[in-house]
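First the structure, in the form of structure tokens, and then the observations on it.
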């Protein structure tokens, strides 16, 4: 089952990266924005309610209410006659055609590069609801994959090479962090980088440690995370340090990290001895060549602005990881 999971997700992820060879214009749209093409009457009633309930449900990994995605709507006639809309990155196209069998199709890079179009050709609303229920998880995974690909591509144009080279020398892989990020700490088994802006701070820490039979269990992941945070991540008050918030239980899932089986854990962090906190995403995978675990932890402090898009940028940096090298 694990091998099948990795194969299916990897196949879609690889398809998502073929846009770089295209001569079409780049797709547009805000981060985590989906354009829904259907009549306004449908978007403001049951069809739109179904889409909003799934795509705009609160992101439970954030410490404030923000939707997973933002939805915009235009009718088909406007969409067909406006290049700006047809070049959006994430598109759901809903066409009602009476007496026609329900059909779901996926098209990539139709009007722009790094674009995915999910089209529903259905005879009625009931058929749409049924088909959407079957395909919604695939759609969400594809939208996330496209967002990461876009951000990585942007970051590559302003890559901080010093960070990439330090990570390669220390761990055998690179992460694409743009200018603005800097190296804070570097030891033989730990590197931390961060970006400090006016209203927020973005941080990543990379750590290697021995593999055990419990290494992929959430309890062990959080134990290691808390140990390295207490050792390396301090707050502004003397004696304060970062740990994992347990009042909101972290959520762990299996993911494919560019071909590696990994455990992703999303949750909240807090400072012991202070009152700061925010969201984090943690990834662990086994470096089989060295028989050691690799932990990449991304955490964010953003008390005055939204966190969803900033956390997505950190997630993209993690997904920019290239191959482990001997």
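Restricting attention to region 241-251, does a residue exist that is in contact with a helix residue (DSSP H, G or I) (Cβ under 6 Å, 6 or more places away or on another chain), at pLDDT 95 or above, within 18 Å of residue 320 (Cα to Cα) and in a strand (DSSP E or B)? Looking through region 241-251, none of the residues is in contact with a helix residue (DSSP H, G or I) (Cβ under 6 Å, 6 or more places away or on another chain), at pLDDT 95 or above, within 18 Å of residue 320 (Cα to Cα) and in a strand (DSSP E or B). Selection within region 265-276: residues that are in contact (Cβ under 8 Å) with a residue 12 or more places away in the chain and surrounded by fewer than 17 Cβ atoms within 10 Å (Cβ to Cβ). The member of this set that is nearest to residue 200 (Cα to Cα) is 276. The set of residues in region 145-158 that are touching a strand residue (DSSP E or B) at 6+ places or on another chain (Cβ under 6 Å) and not in a helix (DSSP H, G or I) contains only 158. Please determine whether any residue of region 301-313 is under 25 Å from residue 243 (Cβ atoms), part of a strand (DSSP E or B) and in contact with a strand residue (DSSP E or B) (Cβ under 8 Å, 6 or more places away or on another chain). Yes, because at least one residue in region 301-313 is under 25 Å from residue 243 (Cβ atoms), part of a strand (DSSP E or B) and in contact with a strand residue (DSSP E or B) (Cβ under 8 Å, 6 or more places away or on another chain).
In region 174-198, of all residues being out of contact with any strand residue (DSSP E or B) (no Cβ under 8 Å at 6 or more places or on another chain) and in a loop (DSSP other than H, G, I, E, B), the one that is surrounded by the fewest Cβ atoms within 10 Å (Cβ to Cβ) corresponds to 198. In region 92-110, the condition of being out of contact with any strand residue (DSSP E or B) (no Cβ under 9 Å at 6 or more places or on another chain) and surrounded by 17 or more Cβ atoms within 10 Å (Cβ to Cβ) is met by no residue. Being out of contact with any helix residue (DSSP H, G or I) (no Cβ under 8 Å at 6 or more places or on another chain), surrounded by 17 or more Cβ atoms within 10 Å (Cβ to Cβ) and in contact (Cβ under 8 Å) with a residue 60 or more places away in the chain holds for only one residue in 128, 171, 155, and it is 171.
The values are calculated or read from the model by the stated rules, or taken from the named source; none is laboratory data. Here the structure is a predicted model, which means the values were calculated and not measured. Positions of Cβ are backbone-derived with ideal geometry, glycine not excepted, and every protein chain shown enters the neighbour counts.
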